[in-house]
Every structure is written in C-alpha cells, then in structure tokens.
Amino acid sequence: MIESGDQRLRQREYLLQISRAMTAQLDLISVLSLVISYAVEMTAGTSGLIALYDEDGNDELRIRASAHLTRQDWPAFARLLTLPISELPRRGEAVLREIAADTGLTLRQMIALPLVLRDTPVGVIYVFRAALNVAFSADDRQVLQDFADQAAIAVSNARLYQSVLREKQRLDASIEQSADGVMIIDSRWRIVTFNKAMEQLTGWSREEAIGRPCAEVLAIQSPQGTNICLVDCPLNRLPYTPNPVVEGRIATRDGRELFVQSRYAPQRGPQGQFLGAIANVRDITTQKQEEQLQNTFISVISHELKTPVSIIKGYAGTLRRDDVSFTPEQYREGLAVIEDEADRLARHIQDLLDVSRLTAGGLRLEQTDFALAMLAADVVRGFAATAGEHYKFELRFPDDMPPVHADYERVRQVLSNLVSNAVKYSPEGGVIRLGGWAEGDFAVCYVADQGVGIPPEEQAAIFRRFYRVDNRLSRETQGSGLGLFLTRAIVEAHGGRIWVESQVGKGSRFVFTLPLGRRRLVDEAGQAEVREE
Ligand code: ADP
C-alpha cells in the first residue's frame with residue numbers, strides 16, 4: 001500500500017516536471033526524452049521508445065526519443081514500428097525476439113500505447129522489459145497512459161508553436177518584401193518592426209530604428225516645418241478614424257528630402273486606448289512634383305498667353321479709334337507690334353503642343369543631311385537684326401565640317417531657343433558665339449554668351465519643364481521655362497546630349513551633340529553606301 005502510494009506521489013511529481021519542461025519551452029525532443037525516461041522508470045521497464053507519425057500524414061512512424069537505448073539501436077526497431085498497435089499482442093513478441101537477437105539487448109516483454117491528439121493518433125509510446133516473470137499489469141498500462149497523454153500534449157504544443165512560427169515567418173517575409181515602407185509601433189509609440197523599404201525610404205537602419213519613438217525616425221513635417229508626428233500625431237486626433245493618413249516632407253538620414261504619405265491601421269482596446277499600429281509609408285515625391293508642375297503650368301500658361309493677347313487687343317483697340325488720327329508710320333508700327341505679339345503667341349502655342357506631344361510619346365523627326373554652319377548663320381541673321389547694337393554675333397565652324405543628319409526645323413528650334421536665351425540673359429549685351437566641330441560620330445555644337453550665368457546648383461534643373469532660375473532677371477524677362485526642356489528633348493530624340501557650362505557673372509555655354517550625316521559615295525559598282533569618317 002505504502003509503496004503504491006509512494007509510486008503515485010512520484011508519478012505526480014514526474015508528470016509535474018514534464019509539464020514544467022513543456023512550459024519552459026524546451027524543444028519537443030527534450031520533452032519526449034523526459035517523458036519516456038520517467039515512463040520507463042514508473043512502469044519498471046528496462047528501456048523504451050517514443051515514435052511519431054510524420055506530419056505530412058504518410059502514416060510512417062519515426063523514432064524521436066528513447067530511454068536506455070542508443071541511437072545505434074534505433075534502426076533495429078524499425079520493423080516493430082511497421083506493425084500496427086492492434087497486431088502487437090499477436091506478432092510483437094516474435095519481432096521483439098528478432099530485435100533482441102540482432103542488438104544483443106534483452107527484450108522480453110513490451111507494452112505499447114498510441115499517443116492520441118483530439119482523436120487522431122500522432123505516435124506510439126513503447127516500454128520494454130528484460131524480465132519475463134513479472135507481466136505488465138493494468139496499473140502499468142494506466143501509468144503509461146498518463147505519460148502517453150503528456151507526450152501527446154507536448155506534440156500538440158510543438159506543432160502549434162511551429163505553425164505560429166511559420167505563420168510569423170510568412171508575415172515577416174511579406175512585410176519585408178512589401179514595396180511600401182512598413183513599420184509596426186507598440187502601445188508606447190516605439191518601433192518594433194521596420195522593413196527594408198522603410199530603411200531605404202528613411203535612411204535609418206533597422207537596428208537603429210527599432211526601439212525608438214516613431215516620431216523621431218519618421219519625423220513628417222507640416223508646411224510650416226513642425227514635426228506633425230510629435231505635435232499632432234494622426235493616431236491621437238479625435239474623433240478616432242480607422243485609417244488616419246498624414247502627408248508631408250521628411251529629411252532622410254542620408255540627407256535627401258522626400259514627400260511621403262503615411263497611412264496607419266491602429267489597434268485599440270475596448271476603451272479606445274492605443275495598443276499599437278501598422279504604418280504604411282509611401283514616397284509620393286514625384287506625384288507631388290507633378291502636382292506642383294501642373295499648378296505652375298496653369299499660372300505660366302495664363303500669364304504667357306494673356307500678355308500677348310492683351311497687347312494685341314490694346315493696339316487693335318487704339319488703332320480702331322475714330323477720335324484719333326494716326327500717321328501711316330504710326331499705323332505701321334502698331335501693326336508690327338500686333339504681328340510680333342501674334343507670332344509670340346503662335347510660338348507659345350507651338351511649344352505647348354510640342355510639350356504635350358512629347359509627354360504623349362516622343363517627337364517624330366524628319367532627318368536629312370545638312371550643314372549646321374549654314375543653319376546657324378541663318379538663325380543668327382534673324383537675331384542680329386532685332387537684338388540691338390550692343391550684341392555681337394560670331395560663328396566658328398570649320399570649313400570642312402561634315403553635315404549633320406538631323407531634323408532641320410527642329411535643330412533650327414534648338415538654335416533659336418539657345419540664341420534667344422543668350423540674348424535674353426545677357427542684358428548688358430556682349431559677344432554671342434556659335435560654333436562646332438566633328439568628334440567621332442557626332443557634331444558638337446555650342447552657343448556661348450557673356451551674360452548673367454547660371455549658379456552650379458541650378459544647372460541641371462534648368463532643363464526641367466517650367467523651371468526658371470529665380471532671380472531678378474528672370475522675373476523681368478518673359479519666359480515659360482519650356483525652351484530648354486524642349487531643346488533637350490529634341491537633342492535627345494536625335495540620340496545627342498546637351499549640357500551647360502556656366503559661371504555666374506561671366507556667361508554660359510550650352511553644348512549639344514547631333515549625329516553626323518552620311519555622305520553617299522557610290523563605289524565603282526554603283527551600289528555600296530559608305531560612311532564618311
Ligand atoms: P525661359 O527662358 O522661358 O525661362 P528656358 O527653359 O529657356 O525658359 O530656360 C530656363 C531658365 O534657365 C531660364 O529661366 C533662365 O533662368 C536660365 N537660362 C537659360 N539660358 C540661360 C543663359 N544663356 N544664361 C543664363 N541663364 C539662362
């Protein structure tokens with residue numbers, strides 16, 4: 001009696017240890033090893049095994065833990081695992097004898113019970129005895145059942161844990177691969193997850209960002225320059241909205257300035273208390289620039305188109321007056337102004353059409369071979385007649401310069417734009433020089449002036465649509481900021497490049513390249529087309 005009371009105490013103690021081991025999150029194999037060694041001890045066995053079915057459901061048992069058996073012994077037990085439990089009482093003893101003969105172990109009796117998880121068998125627990133004289137009792141069976149139940153729970157825990165882990169890994173991977181920046185913050189607004197796109201967006205590394213307040217890492221600024229995340233966090237605005245959104249500028253850690261949109265999915269407790277949130281952050285800089293361009297476009301258009309129209313209307317109205325008599329000279333002058341302004345209007349409209357054509361899918365070129373020097377001379381003639389005496393025009397093209405292969409009218413537009421700018425941005429006058437030479441497959445051509453020049457930080461921007469350097473001169477001169485954009489588009493459509501070399505106060509030199517032409521040389525057979533070098 002006393003002995004069996006002791007036994008029960010010990011068993012309870014062991015079962016308790018097993019549950020502790022499970023909650024301490026020991027790995028499954030360690031827990032199963034503990035289960036089998038206690039089960040062997042409690043049922044006075046000499047050794048034992050726990051085998052589990054593969055999770056992929058192919059009904060194959062594999063040994064996962066043993067007591068008083070070495071791993072080298074395991075393969076010998078494989079034939080036992082192939083017997084269904086119901087067959088063990090009939091055929092088990094014979095198989096056990098075979099194993100004993102092979103391994104040299106003394107195995108004379110066996111007891112085996114299925115590990116069952118919610119009616120599904122997940123494995124089998126086996127205990128062996130060396131002695132033949134004492135048979136396994138119903139009590140032993142009951143004890144082993146308790147251990148089998150524990151083992152089944154351990155398997156269940158491990159599988160649950162594995163599936164949660166897999167789920168988490170899947171989630172982590174999709175967060176990591178998301179093209180948007182994704183950041184998860186906890187109830188204290190501290191960052192707990194920070195994906196790769198977020199690192200690229202903000203310039204903060206994950207290691208630096210995690211644990212920091214989100215308002216420090218993603219400091220979105222209002223137009224007035226305050227940190228919105230700090231002073232007016234969208235997650236705190238009342239009434240709470242399910243997906244608050246905030247937009248604004250950020251200065252990245254690596255010194256870029258971006259415009260971002262951050263959309264939050266907050267989690268709240270029953271009283272509305274903040275539990276954490278997922279933030280999706282997107283770079284909308286280009287979109288904002290487009291919007292800004294659109295606004296500039298409208299103001300430029302209204303200004304640039306309205307000015308000539310009002311001049312034309314003013315002059316026409318004046319010339320029509322019955323109460324004033326004009327001399328023929330005054331008439332001519334008035335009409336000349338009307339004609340000039342109408343031309344200007346037509347040019348603007350043409351530029352706008354070109355821009356929209358470009359945006360819609362590129363320029364179509366009609367390329368022929370022609371001498372650039374001739375075209376340059378023609379363009380210069382037009383400007384020299386109107387520019388004023390304080391401008392001097394010079395042409396510097398070598399006599400033997402090969403022809404270019406380009407669209408004549410489009411190249412005229414390029415030269416006109418560059419020369420018109422050279423005049424416009426040289427208020428004091430000076431020399432305006434056009435020249436060129438051949439280099440490899442290209443003609444290099446330039447238009448140089450001695451005007452106001454362009455600061456280095458503006459030199460790339462002036463080729464952008466509607467961009468005008470913000471200074472007194474550009475405010476005083478008319479312009480749409482389309483000239484250089486179109487000029488570059490035309491040059492690039494020819495496969496050429498354009499750039500500017502400039503010094504403030506000294507002048508600018510716009511240089512561009514165009515493909516050289518082919519001189520058709522007919523060889524003696526009268527067929528071949530030879531490229532001139
Ligand atoms: P627009 O002349 O109509 O303003 P452009 O696209 O032709 O537009 O030129 C863009 C800007 O580049 C001008 O506003 C001006 O500030 C600058 N720029 C262009 N050419 C020159 C030049 N030769 N010298 C100095 N600044 C220039």
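The values are calculated or read from the model by the stated rules, or taken from the named source; none is laboratory data. The structure displayed is predicted, hence computed values, not measured ones. Here Cβ is always computed from backbone atoms with ideal geometry, including for glycine, and neighbour counts include all displayed protein chains.
Kindly indicate whether G453 is closer than 13 Å to L375 by Cα and either surrounded by fewer than 19 Cβ atoms within 10 Å (Cβ to Cβ) or among the small types (G, A, S) (or both). Criteria not met by G453.
Residue check: is Y14 in a strand (DSSP E or B), hydroxyl-bearing (S, T, Y) and within 12 Å of F147 (Cβ to Cβ)?
Considered against the rule, which asks whether it is in a strand (DSSP E or B), hydroxyl-bearing (S, T, Y) and within 12 Å of F147 (Cβ to Cβ), Y14 comes out as no.
Residue by residue, here is whether (1) free of Cβ contacts under 8 Å to residues at least 60 places away in the same chain; (2) in a helix (DSSP H, G or I); (3) among the basic types (K, R) holds:
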residue	(1), (2), (3)
R263	yes, no, yes
I278	no, no, no
N295	yes, yes, no
S299	yes, yes, no
I311	yes, yes, no
D340	yes, yes, no
R357	yes, yes, yes
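Tell me, yes or no, whether segment 65-80 has at least one residue that is acidic (D, E), within 57 Å of the chain's Cα centre (by Cα) and part of a loop (DSSP other than H, G, I, E, B). No: segment 65-80 contains no residue that is acidic (D, E), within 57 Å of the chain's Cα centre (by Cα) and part of a loop (DSSP other than H, G, I, E, B). Within segment 480-494, residues that are modelled with pLDDT under 85 sit with their Cβ atoms under 8 Å from residues that are among the hydroxyl-bearing types (S, T, Y) and more than 7 Å from the ligand (Cβ to nearest atom), at 6+ positions apart or across chains, in these pairs: G481/T296. For segment 177-209, taking the residues that are in contact with a helix residue (DSSP H, G or I) (Cβ under 9 Å, 6 or more places away or on another chain) and charged (D, E, K, R), the one that is farthest from V281 (Cα to Cα) is identified as E208. Residues that are outside any strand (DSSP E or B) and of a type in the set (A, V, I, L, M) were ranked within segment 403-450; the one that is nearest to the ligand (Cβ to nearest atom) is A422. Of the numbered criteria (1) loosely packed, with under 15 Cβ neighbours inside 10 Å; (2) near the ligand (Cβ under 8 Å from one of its atoms); (3) polar (S, T, N, Q); (4) farther than 20 Å from H390 by Cα, the one T477 fails is (4). Quick check: anything in segment 12-27 surrounded by 13 or more Cβ atoms within 10 Å (Cβ to Cβ), among the charged types (D, E, K, R) and either at pLDDT 90 or above or farther than 17 Å from G123 by Cβ (or both)? No, because not a single residue in segment 12-27 is surrounded by 13 or more Cβ atoms within 10 Å (Cβ to Cβ), among the charged types (D, E, K, R) and either at pLDDT 90 or above or farther than 17 Å from G123 by Cβ (or both).
Here are the criteria: (1) touching a residue at least 60 places away in the same chain (Cβ under 8 Å); (2) within 20 Å of E93 (Cα to Cα); (3) in a helix (DSSP H, G or I). Tell me which single one R141 does not satisfy. The one condition R141 does not meet is (1). Considering segment 113-156, and only residues there that are hydroxyl-bearing (S, T, Y) and more than 15 Å from Q11 (Cβ to Cβ), the residue that is surrounded by the fewest Cβ atoms within 10 Å (Cβ to Cβ) turns out to be T120.
Quick grid of which residues meet (1) loosely packed, with under 13 Cβ neighbours inside 10 Å; (2) of a type in the set (K, R); (3) in contact with a strand residue (DSSP E or B) (Cβ under 9 Å, 6 or more places away or on another chain):
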position	(1), (2), (3)
V245	yes, no, yes
G276	no, no, yes
H303	yes, no, no
K306	yes, yes, no
S310	yes, no, no
V324	yes, no, no
P328	yes, no, no
I338	no, no, no
D343	yes, no, no
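Give the number of residues within segment 495-518 that are away from the ligand (no atom under 12 Å from the Cβ) and among the polar types (S, T, N, Q). Result for segment 495-518: 1. Taking the criterion of being more than 18 Å from S47 (Cβ to Cβ) and in a helix (DSSP H, G or I), the residues of segment 81-101 that qualify are I85, S86, E87, P89, R90, R91, A94. Taking the criterion of being out of contact with any Lys or Arg (no Cβ under 6 Å at 6 or more places or on another chain) and closer than 15 Å to Q478 by Cα, the residues of segment 304-341 that qualify are E304, L305, K306, T307, V309, S310, I311, D340, E341. The C-beta contact set for segment 500-517 (first residue closer than 17 Å to A371 by Cα and at pLDDT 95 or above, second residue near the ligand (Cβ under 9 Å from one of its atoms) and outside any loop (DSSP other than H, G, I, E, B), distance under 6 angstrom, 6+ apart or interchain) is empty.
Among the residues making up segment 202-227, a single one is within 21 Å of G272 (Cβ to Cβ) and surrounded by 18 or more Cβ atoms within 10 Å (Cβ to Cβ): C214.
Conditions first: (1) surrounded by 12 or more Cβ atoms within 10 Å (Cβ to Cβ); (2) under 48 Å from the mean Cα position of the chain (by Cα). V164 passes all but one, so which condition is the exception? All conditions pass for V164, except number (1). Any residue at all in segment 385-401 that is within 16 Å of the ligand (Cβ to nearest atom), more than 49 Å from the chain's Cα centre (by Cα) and in a helix (DSSP H, G or I)? Yes - at least one qualifying residue is present in segment 385-401.
Inclusion of A528 among residues that are modelled with pLDDT under 80 and more than 9 Å from the ligand (Cβ to nearest atom) is warranted.
Within segment 244-260, residues that are of a type in the set (S, T, N, Q) sit with their Cβ atoms under 7 Å from residues that are in a strand (DSSP E or B), at 6+ positions apart or across chains, in these pairs: T252/L258. The set of residues in segment 29-78 that are of a type in the set (F, W, Y) and surrounded by fewer than 18 Cβ atoms within 10 Å (Cβ to Cβ) contains only W74.
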